[in-house]
Amino acid sequence: MTTPVCTSASNAATAGRQTLAYPSFSSYVKARQPVLLRTARSLTANPSDAEDLLQTALTKTYVAWERIEDHRALDGYVRRALLNTRTSQWRKRRVDEFACDELPEPETVPAGDPAEQQALHDAMWRAIMRLPVRQRAMVVLRYYEDLSEVQTAEVLGVSVGTVKSAVSRALGKLREDPELGPVR
């Protein structure tokens, strides 16, 4: 026998087993458990999951025991609790892996020449430096500092529409820049 870590919780648990608030619930579970377990097994593939599902549904039934008016319809109530609980579990389920014939990883593209990447980087900065100061500030804040349009507008003290139009014009100038032509 194991020694409980928390004696007050252990005492409360054993006290709860001795006195049941709803003796009619206990007799219902003893009488109908095999039938309800078969229903739970039909909703799940794993017998252990079926037992957990039934336990959860019976817990919900126990909590609502006083509110259930017609105790002749308890099987229907518990079956509905089983179905609703299983549906909730299914909706919460996350599928992170999918079986497929092909690997989902993209093919690795060989890294470009570091010298070419640096030349492109330098050409981009030269093109940005040729923009008017206000457009340059907005492009840098939006794309290099990764601020949203609202954040950029707040930093510069302008409206969001001004940021949108100025960035659009700046990107148009960058697309037409002759030094960035080979990149397109």
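The values are calculated or read from the model by the stated rules, or taken from the named source; none is laboratory data. It should be emphasised that the depicted structure is a prediction, and the values quoted were computed from it without experimental measurement. Here the Cβ is made from the backbone with ideal geometry for all residues, glycine too, and neighbour counts use every protein chain on show. Ligands, DNA and RNA are stripped out before the accessible areas are found, and what is left, the full protein with its side chains, is counted by its heavy atoms. Shrake-Rupley method; radii C 1.70, N 1.55, O 1.52, S 1.80 Å.
Here are some notes:
- Failed criterion for Y62 (all others in (1) under 15 Å from F25 (Cβ atoms); (2) within 22 Å of the chain's Cα centre (by Cα); (3) aromatic (F, W, Y) hold): (2)
- Considering the conditions (1) open to solvent by less than 80 Å² (accessible area, probe 1.4 Å); (2) assigned to a loop (DSSP other than H, G, I, E, B), L83 is excluded by exactly one of them, (2).
- Among the candidates W90, W125, residue that is farther than 17 Å from T56 by Cα and either touching a Pro at 6+ places or on another chain (Cβ under 6 Å) or not small (G, A, S) (or both): W125
- Checking A64, A73, A12 one by one, the residue that is of a type in the set (G, A, S), open to solvent by less than 70 Å² (accessible area, probe 1.4 Å) and at pLDDT 85 or above is A64 and no other.
- Any hit, segment 37-56, residues being modelled with pLDDT under 85, part of a loop (DSSP other than H, G, I, E, B) and over 26 Å from the mean Cα position of the chain (by Cα): no
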